[in-house]
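Let me begin by presenting the structure, written as structure tokens, before commenting on it.
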Amino acid sequence: MALAHTYVFSESLLMSTSLTVILPQATNAQIGMSGTRTAADPSVLYLLHGLSDDDTIWLRRTSIERYAADYGIAVVMPRVERSFYQDMAHGERYWTYVSEELPAIVQQLFRVSSRREDTFVAGLSMGGYGAMRLGLARPDRFAAAASLSGALDIAHPFVRDAREDFYTNAFGEADVQGTGADLLHLLREADPAALPALMVACGTEDDLWPMQESFLAVAAERGIDVTTSFGPGQHEWGYWDARIQDVLAWLPLAGADRGPGTAPGTASA
């Protein structure tokens with residue numbers, strides 16, 4: 001795999017920002033690791049960070065580079081500060097950046113597929129929320145969206161009260177229920193047939209566990225299928241390192257991209 005730490009200027013943010021990008025590279029002589037690359041432009045996974053982190057965190061806390069090598073998939077990790085992936089009430093336009101500008105920047109700078117069926121998004125915690133919002137709000141762009149320990153009920157008091165200053169900066173003072181920032185609202189308004197494949201994973205000892213139940217209850221009401229991966233685990237990197245391997249095995253990759261691995265069990269919500 002090739003690793004790029006890239007600095008770009010964002011017209012949406014009106015400032016420079018950073019990306020960490022892993023790109024498939026065909027290799028034969030690496031010790032303890034193989035590299036694959038198809039003749040076609042590779043599939044791409046947008047991998048989103050949580051509230052306390054940045055674009056380097058997945059590379060520092062997991063073996064995502066090694067895992068991605070088995071699948072020949074590119075991984076794009078943007079930096080969004082503590083924005084909740086929003087056009088912030090008091091801050092920058094990160095939703096516009098990740099949903100519109102970032103894919104265009106990636107296409108300009110890197111040779112990866114632009115096809116919807118080759119484009120995926122995943123993230124943890126705040127990034128799990130961001131990934132699911134992208135999947136629900138932009139089903140035309142993503143073939144799969146996965147949330148790991150995600151803040152899936154953004155109006156829940158745990159999110160609003162525990163992180164009040166960050167929450168207000170991102171969402172403002174108004175109630176987010178029933179808005180485009182509310183994943184439960186997006187589920188209720190979605191056309192199930194048009195949605196990407198959805199996956200929700202969370203440890204049962206995680207404080208965000210009740211939000212997964214709320215999300216799946218609304219999905220069930222709407223007849224929306226969701227792949228689930230639940231079991232013992234907390235809000236920590238050992239859990240996410242294991243689950244990102246599940247996500248890669250689950251992604252609907254083209255046959256040439258498919259690497260070793262066993263997808264988690266599927267449940268219809």
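Numerical summary
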read-out: Single residue of Ala74, Ala2 found to be free of Cβ contacts under 8 Å to residues at least 40 places away in the same chain, touching a Leu at 6+ places or on another chain (Cβ under 6 Å) and surrounded by 14 or more Cβ atoms within 10 Å (Cβ to Cβ); value: Ala2
read-out: Residue match in the range 19-33 (condition: of a type in the set (Gly, Ala, Ser) and surrounded by 13 or more Cβ atoms within 10 Å (Cβ to Cβ)); value: no
read-out: Criterion: under 19 Å from the mean Cα position of the chain (by Cα), buried (at least 18 other Cβ atoms within 10 Å of the Cβ) and polar (S, T, N, Q) - qualifying residue of Ser12, Ser43; value: Ser43
read-out: Cβ-Cβ under 8 Å pairs, at least 6 apart or on other chains, the range 224-235 side touching a residue at least 12 places away in the same chain (Cβ under 8 Å), far side in a loop (DSSP other than H, G, I, E, B) and of a type in the set (A, V, I, L, M); value: Ile224/Ala190; Ile224/Leu195; Ile224/Ala269; Asp225/Ala269; Val226/Ala269; Thr227/Ala263; Thr228/Ala269; His235/Leu208
read-out: Residue within the range 115-133 that is over 27 Å from Ser229 (Cα atoms) and touching an Asp or Glu at 6+ places or on another chain (Cβ under 8 Å) present; value: no
read-out: Tally of residues being among the aromatic types (Phe, Trp, Tyr) and assigned to a loop (DSSP other than H, G, I, E, B) across the range 70-95; value: 3
read-out: Which numbered condition Asp191 misses (of (1) surrounded by 14 or more Cβ atoms within 10 Å (Cβ to Cβ); (2) under 22 Å from Phe120 (Cα atoms); (3) of a type outside the set (S, T, N, Q)); value: (1)
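Each value in this text was obtained by applying a stated rule to the coordinates, not by laboratory testing. On a predicted model such as this, the values are computed, not experimentally measured, just so you know. Glycine gets a Cβ as well: all are built from the backbone with ideal geometry, and neighbour counts include every protein chain shown.
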